[in-house]
Amino acid sequence: MMLRTPPMGFNTWNGFGPDIDERLLRELADAMLEQGLKDAGYTYLVIDDCWSQRQRDPVTDEIVPDRQKFPNGLKVVSDFIHEKGLKFGLYSCAGVRTCANFPGSFGHEFLDARTFASYGCDYLKYDYCNVPHTHDGPLLYRKMGLALRACGREIVFSLCNWGMDETGRWARSAGGDLYRSTGDIFDSFVRVREIAMSQVENFCYSAPGCFNDMDMLTVGMKARGNADIVKDGSGCTDAEYRTQFALWCLFGAPLMLGCDIRNMDAQTKALVTNKTLLAIDQDVEVRGVVNASEEREDKPAFFRLLSGGKAAIGLFNFTEEASEVWLPTYNVGLPDG
Ligand code: GLA
């Protein structure tokens, strides 16, 4: 699999956590079409953690879809997702158990890759909880990378070890198509800013074939769902969601939505389908971003070269006061005046 541009889609975790089932997946697939998300480029519909039975099948050793949530299995789910022209993603973990304590793929990598392929899986997010300390993390990702390569189906490999062991340096050789570079996002602007600013210098590894994944978007969540970890019900303001989406697009990061796309308000829908921002995110050259500001943390001024001799500039004021934000042209190598 060679992704030319960062993947775009929807992941169940931020919005729904463990509360997932076949009916929800059908509604989300419908929403991706009805809300114009598919037309805007969002094609992956990914089921995150909590989709399986608590234990493997005692005879076949296979992971088994939860019988209550998915009574007809996952092939049926992937079939209706494919019928809509979308792609189907799943979740597993390099450890013995997933982060929410379901069976992980440790020691079962090749079996699980074949099982996921038999469901018609197109994308695997591979987490990093409950990994035995005796084992080398990067090696476990390489192992699943090999297993996916051997499973008979093209499956996008989404590494999720939160940037441990300098993931960017080896994600590509492990067979990764994207790699999570930070811990989990929450529906709070403090966390959004922290994640984005921590990755400014790390985009040298992000390029066609393997992208830096700053985690799923909380845009439009408005403190509903599973990512409102602060549980104070505040979420982000519309301006903060606009800032988040602009940052992710400017950086050329994967765009995985998490809000309830069945009930998006007009602002959220307009934001996540904004053609200018999406064109920047999906620019084929995928060049890293530079912070050219002299006040780097509070008033970053990002500059990114795009294809066709174009450039994107993003000026941000993270302080509480209105202020001008400067991008000195000499800092990005442009002649002054
Ligand atoms: C970890 C990952 C999250 C999510 C949860 C599921 O925390 O980083 O993105 O997949 O596990 O349990």
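The values are calculated or read from the model by the stated rules, or taken from the named source; none is laboratory data. Keep in mind it's a predicted model, so treat the numbers as computed, not measured. When we count neighbours, we look across all protein chains shown, and the Cβ atoms used for this are built from the backbone with ideal geometry, even at glycine. We work out accessible area using only protein heavy atoms, side chains counted, and drop any ligands, DNA or RNA first. Shrake-Rupley method; radii C 1.70, N 1.55, O 1.52, S 1.80 Å.
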Let me know the volume per residue of the alpha-carbon convex hull for the range 94-239, in Å³.
129
Would you kindly state how much longer the chain becomes between Ile313 and Ala207 on full extension, computed as 0.36 nm times their sequence separation minus their alpha carbon distance, in nm to one decimal?
36.2 nm
Considering the chain as a Gaussian network with a 10 Å cut-off on Cα pairs, which listed residue, Leu306, Leu247, Leu255, attains the greatest mean-square fluctuation?
Leu306
Considering only protein heavy atoms and a probe of 1.4 Å, how much of the accessible area of the range 84-137 is carbon and sulfur, as a whole percent?
55
FRET efficiency, 1/(1 + (r/R0)^6) with R0 41 Å, evaluated for Met164 and Ala270 via beta carbons
0.65
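Taking the mean number of other Cβ atoms within 10 Å as a proxy for protection, how do you rank 193-200, 207-214 from highest to lowest?
Top to bottom by mean Cβ count within 10 Å: 207-214, 193-200.
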Volume per residue, Å³, of the convex hull around the alpha-carbon atoms of the range 130-184?
85
Fully extended contour minus Cα-Cα distance, from Glu83 to Asp298, at 0.36 nm per residue
72.7 nm
Solvent-accessible area of Asp122 with every protein chain in place, 1.4 Å probe, in Å² to the nearest 10
20
Cut-off under 18 Å on the C-alpha distance; same-chain residues fewer than 8 positions from Lys275 excluded. Which lysines are left, in chain and number order?
Lys38, Lys310
Only bridges with both residues in the chain count here: give the DSSP antiparallel percent, nearest 5.
30
Roughly how many percent of the accessible protein surface of the range 298-337 is carbon and sulfur, given a 1.4 Å probe and a whole-percent answer?
54
How high is the FRET efficiency between Thr134 and Tyr330 when r is their beta carbon distance and R₀ equals 41 Å, given to the nearest 0.05?
0.20
Unpaired by the 4.7 Å Cβ criterion, cysteines found in the chain
Cys50, Cys93, Cys121, Cys151, Cys160, Cys204, Cys210, Cys236, Cys249, Cys259
Taking 22 Å as R0, compute the FRET efficiency from the Cβ-Cβ separation of Met2 and Arg114 and round it to 0.05.
0.50
Quick one: Cα convex hull volume of the chain, Å³ per residue?
136
